[in-house]
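J.: Sending over a structure as structure tokens; questions will come in a sec.
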Amino acid sequence: MRWRKGRRSSNVEDRRGESTPGMGGGAGGLGNLLALAPLLLRSKTGWVILGLLAAFYFFGGDRLFDSAPRETQPPALGPDQQGQTGTQAAPGDEVADFVSVVLADTEDTWGKLFQTAGSQYVPPKLVLYDDAVRSACGLNTAAVGPFYCPGDNRVYLDLSFLGDLRQLGAPGDFAFAYVIAHEIGHHVQNLLGTSQKVQQARMQSDEVTANRLSVMLELQADCFAGVWAFYAHRDRQMLEPGDIEEGLAAAAAVGDDRLQRRSGRAVSPDAFTHGSAEQRVYWFKRGFTTGDVNQCNTFAALAGRQ
């Protein structure tokens, strides 16, 4: 990506290096596991995930999808096609700088789209953290990956997730940008009231139906990420050859079917909460090829499908 000349966002909160209340006692990975337990025990799927996390912790791994050692520092981003080599900042600072530019670009894109629709876009804060963080959504660890909390309108991101993406087979700066844009998509859903409606419907549904509603919400966020990429490419020429392929690889890598296979489980569509690799690729491409938010109505498109 051609990102180094981009605007930096003022909405980044850097909490890296801060201690997290409730994570003390030197428990490390076990403490993180226990902190996640109340949330996971609410559903049958959560029981399965908790069992997998426990197995990985007690038998030599600390990640759900890969037993390789977790990178404590995010890998450095390579120079863009313009030949720039960046500053002498540490790799973590370079990646944080990249995140700030991508966040700023999403602010510009959604600000204009909301203005065109006669509304005002209120951008979220993006919190950088290490290992664990407390939000309005509770205590979370890096094991859950990047997430958006509607309770405080913040995106939470541990930069080591860039290394996770690479080990999942989705390297590249645009793959990371896709992840950020996806989480911003959830903020857009929150502003539009979509998230609240889905949450209410999920609470009144059985587990399988609730999972399908979650899939629709996640796929719409993928489509919104594609819409952002459309404008980043058309209006600001941020994308380079191969970037979209990186985004598609990232979308596929985090498909529920791929993740289930990677964790040694049989593929169970009823347990999907984010969508299959094929679905995630399709909806990201739909947003990118059209640049039209109205083309992202996953609820109408997927209603009634099994």
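J.: Highest mean first, how do 4-10, 14-20 rank when packing is the count of other Cβ atoms within 10 Å averaged over residues?
T.: Listed from highest to lowest mean packing, they are 4-10, 14-20.
J.: Using the Cα centre as the reference, give the magnitude of the dipole from point charges on the C-beta atoms of the range 105-155 (Lys, Arg: +1; Asp, Glu: -1; all else neutral), rounded to the nearest 20 debye. Walk me through the numbers on the way to the answer.
T.: Details: 4 positive and 6 negative charges, 35 e Å.
Approximately 160 debye in magnitude.
J.: Right, next: I'd like to compare 267-278, 110-121, 242-253: which one has the highest average count of other Cβ atoms within 10 Å, and what's the full order after that?
T.: My ranking of the peptides, most packed first, is 242-253, 267-278, 110-121.
J.: Residues with amide H under 5 Å of Phe147's amide H, sequence separation 5 or more or different chain, H placed in the peptide plane at 1.01 Å from N; which?
T.: Hits under the 5 Å cutoff: Tyr156.
J.: Could I ask something else about it? To the nearest 0.05, how large is the calculated FRET efficiency for Asp152 and Ala266 if R₀ is 45 Å and r is the Cβ-Cβ distance?
T.: Computed FRET efficiency for Asp152 and Ala266 comes out at 0.75.
J.: Could you work out how much longer the chain between Arg15 and Gln120 gets when fully extended? Use 0.36 nm per residue separation minus the Cα distance between them, nm to one decimal. If you can, show how the numbers build up before the last one.
T.: Details: separation 105, 0.36 × 105 = 37.80 nm, distance 2.81 nm.
Value of the extension gain: 35.0 nm.
J.: In terms of modelled amide H atoms, which long-range or inter-chain residues lie less than 5 Å from the amide H of Arg2?
T.: Residues meeting the criterion, in which the H sits 1.01 Å from N, are Leu239, Glu240.
J.: Using the Cα gyration tensor of the range 113-265, with a ≥ b ≥ c the square roots of its eigenvalues, what is the shape: rounded (a/c below 1.5), prolate (a/b larger than b/c) or oblate (neither)?
T.: rounded
J.: For Leu126, list long-range residues whose amide hydrogen, built 1.01 Å from N in the peptide plane, is under 5 Å from its own amide hydrogen.
T.: Val12, Glu13, Val155
J.: Report the charge-dipole magnitude of the range 151-306 in Debye, nearest 20, computed about the Cα centre from +1 at each Lys and Arg Cβ and -1 at each Asp and Glu Cβ.
T.: 300 debye
Coordinate-derived values only; no laboratory data. All figures in this text were calculated on a predicted structure; none of them were measured in a lab. Note that each Cβ is placed from the backbone with ideal geometry, even for glycine, and that neighbours are counted across all protein chains shown.
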